[in-house]
Amino acid sequence: MEWDGGDVRTRFLTLASQWHSRHPAPSSGGGRIDGPQPGQWMWHPPAHSIYDSHTYEGPDDDWLEVAIRIENADYSPGHCRIGASLAVACRCEGGHGQHTVVETLWRSGGPTAALEALTTVLRSTDQWLAGSRRPDWWRRTAGLA
């Protein structure tokens with residue numbers, strides 16, 4: 001199976017569609033959209049990566065974000081890294097933006113392995129969000145203020 005083969009594209013698009021069907025559209029932050037539109041994966045050419053994220057807002061400007069990222073592994077041609085993270089808004093005095101609560105990262109060699117890793121990563125996000133989609137719940141679980 002080649003990276004640019006139709007089967008790879010079809011399977012990726014199927015996985016991406018399943019991801020979006022299981023999660024609501026990203027919140028708009030009061031009418032303005034600062035990231036991808038619902039259903040849109042973003043391409044970041046300098047890093048040779050694509051990513052997507054969903055934000056779940058809580059009260060008082062609180063939020064939870066789950067993000068998926070696929071990128072080339074420059075040190076190993078033909079390989080890529082596939083990962084996901086779940087982060088909550090930072091409540092620290094130093095205010096750095098967010099705390100990653102849980103994450104997973106896979107490295108794969110070739111399109112078949114990459115698609116299998118993506119399937120595993122997407123299952124992980126489903127399991128995380130089955131626990132809760134509320135930022136305050138994740139903050140308490142992680143021991144954050």
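What follows draws every value from the coordinates through simple rules; no lab data is involved. If you're wondering where the values come from, they're calculated on a predicted model, not measured in any experiment. Cβ placement follows ideal geometry from the backbone for every residue including glycine, while neighbour counts extend to all protein chains displayed.
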Environment charge at residue 88 (Cβ cut-off 14 Å; Lys +1, Arg +1, Asp -1, Glu -1): -2
What does the charge count near residue 111 come to, summing +1 for each Lys or Arg and -1 for each Asp or Glu among other residues with Cβ under 15 Å from its Cβ? -1
Please give the contour-minus-distance gain from residue 100 to residue 49: 0.36 nm per residue of separation, less the Cα-Cα distance, rounded to one decimal in nm. 16.4 nm
Around residue 58: net Lys/Arg minus Asp/Glu count, Cβ-Cβ under 15 Å: -1
In range of the label at residue 61: residues from the stretch 76-115 whose backbone nitrogen is under 20 Å from the point 7 Å along Cα→Cβ: 87-100
